[in-house]
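None of the figures in this text is laboratory data; all of them are computed from the coordinates on show. As the structure is a prediction and not an experimental result, all values here were calculated from the model. Please note: Cβ atoms are built from the backbone with ideal geometry, for glycine as well, and neighbour counts cover all protein chains shown.
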């Protein structure tokens, strides 16, 4: 969870249940790890937002999630999943994710990059409407803002 590095980080060791019969990680796990990273971020950095999700009418809808793969990983590889804010609008957030294999020798290898776009919504399930990104969430994301996101904010995007 290194704010000096400009990303929020979780660490993960790949388990057998996350691999296929050949021993490679199932691709769906990368999307699952994006969600785990986002949830841990909310737990640690924006607990009030998490409380609104759990007990009020705030909803975070995933609009799009993708991942580009560069290298295979297998069981017992150690990973760093690093999340950055890529774009922030009034009602939507786009996160960028780097999946980095951590070698025993301290070497880091980028194995995949992902993105996830979410919309903030409020209201009952049959009448949900777009809502502004909560101020607490904006403040919590500020230290993890990418250069792309800063450029968009300077140009009004």
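What nm distance separates the two modelled labels at residue 55 and residue 92, each placed 7 Å from Cα along Cα→Cβ?
Placing both labels 7 Å beyond Cα along the Cβ direction yields 3.2 nm.
Which whole-number percent of Cα pairs in the chain have a distance greater than 18 Å?
Taking all Cα-Cα pairs of the chain, the fraction more than 18 Å apart is 60 percent.
Any idea how far the Cα center of the stretch 77-115 sits from the one of the stretch 5-56, in Å?
Each part's Cα centre sits 11 Å from the other's.
For the stretch 60-116, report the translational diffusion coefficient in µm²/s to the nearest whole number, using Stokes-Einstein at 25 °C, 0.890 mPa s, and a Kirkwood Rh over Cα pairs. Can you show the working numbers first?
Details: Rh = 12.6 Å.
Estimated via Stokes-Einstein, D reaches 195 µm²/s.
Grab the beta carbon distance between residue 32 and residue 121, set R0 = 25 Å, and tell me the FRET efficiency rounded to 0.05. Don't skip to the answer; put the middle values down first.
Details: r = 22 Å, r/R0 = 0.88.
For R0 = 25 Å, the calculated efficiency reads 0.70.
Between residue 107 and residue 39, what FRET efficiency comes out of the Förster formula 1/(1 + (r/R0)^6) with R0 = 22 Å and r the beta carbon distance, rounded to 0.05? List each step's numbers first, then the result.
On the way: r = 29 Å, r/R0 = 1.30.
Once rounded, the FRET efficiency stands at 0.15.
Per-residue ellipticity at 222 nm for the chain, helices alone: DSSP H runs ≥ 4 residues times -39500 (n - 2.57), over residue total, nearest 500 deg cm²/dmol? Please list the in-between numbers first.
On the way: 4 runs with 42 residues, N = 157.
So the calculated ellipticity at 222 nm is -8000 deg cm²/dmol.
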